[in-house]
């Protein structure tokens with residue numbers, strides 16, 4: 001999390017100094033590569049703690065709006081394949097139900113007891129379990145967008161870009 005926060009601060013500092021559009025795009029691309037590495041590491045850690053891998057069998061309870069249903073909702077409970085997180089906060093996740101015609105076979109499973117657009121709530125729960133361990137709750141995923149308050153003291157150098165060193169004097 002510290003790497004991500006310091007990287008975000010360094011990116012913002014570099015963007016204050018660089019005015020050329022092509023250079024700014026290169027800096028953003030480098031920052032996105034570093035973020036991808038951090039996200040992949042977090043995904044590995046989450047899987048190690050018991051979160052499903054992509055294409056792993058899970059048991060879910062989900063619903064989706066479907067105009068052909070009398071109450072406007074199609075409800076499904078059963079096995080599915082875990083695909084991926086749906087949003088940057090890891091609150092909603094996409095699963096695929098083989099042979100399901102509704103919504104191309106994809107359903108969204110979300111955490112309960114979470115604030116809108118917030119991180120998945122460790123006190124809440126999600127209607128998804130590993131197929132091999134349906135009685136065991138899944139760990140809540142790690143937060144995706146940490147802030148300075150999550151990591152504590154940030155080094156001053158993270159906030160200063162090349163070309164801004166005079167601001168230190």
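Take residue 66 and tell me if it is assigned by TED's automatic domain parsing to the domain that holds residue 108, farther than 21 Å from residue 112 by Cα, in contact with a strand residue (DSSP E or B) (Cβ under 9 Å, 6 or more places away or on another chain) and surrounded by 12 or more Cβ atoms within 10 Å (Cβ to Cβ).
Criteria met by residue 66.
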Given (1) touching a residue at least 24 places away in the same chain (Cβ under 8 Å); (2) within 18 Å of residue 131 (Cβ to Cβ); (3) in a strand (DSSP E or B), where does residue 78 come up short, assuming only one miss? (1)
So which pairs qualify, if the first residue must be in region 19-31 and assigned by TED's automatic domain parsing to the domain that holds residue 161, the second must be in a loop (DSSP other than H, G, I, E, B) and loosely packed, with under 13 Cβ neighbours inside 10 Å, the Cβ gap must be under 9 Å, and the two must be at least 6 apart or on different chains? none
By residue number, the members of region 54-63 that are without any contact (Cβ under 8 Å) to a residue 60 or more places away in the chain and surrounded by 13 or more Cβ atoms within 10 Å (Cβ to Cβ) are 63
Looking at (1) in contact (Cβ under 8 Å) with a residue 24 or more places away in the chain; (2) closer than 30 Å to residue 162 by Cα; (3) not in a helix (DSSP H, G or I), which is the only condition residue 3 fails? (3)
Looking at residue 43 and the list (1) in contact (Cβ under 8 Å) with a residue 12 or more places away in the chain; (2) under 14 Å from the mean Cα position of the chain (by Cα); (3) surrounded by 15 or more Cβ atoms within 10 Å (Cβ to Cβ), which single condition is not satisfied? (1)
It is to be established whether one or more residues within region 8-16 are under 30 Å from residue 128 (Cβ atoms), surrounded by fewer than 15 Cβ atoms within 10 Å (Cβ to Cβ) and either out of contact with any helix residue (DSSP H, G or I) (no Cβ under 6 Å at 6 or more places or on another chain) or not assigned by TED's automatic domain parsing to the domain that holds residue 110 (or both). no
Any residue that is modelled with pLDDT of 85 or more and within 26 Å of residue 108 (Cβ to Cβ) - is there at least one of those in region 20-32? yes
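The values are calculated or read from the model by the stated rules, or taken from the named source; none is laboratory data. Everything quoted here is computed from the prediction, not taken from an experiment. With ideal geometry, Cβ positions are generated from the backbone for all residues, glycine too; neighbour counts draw on all protein chains shown.
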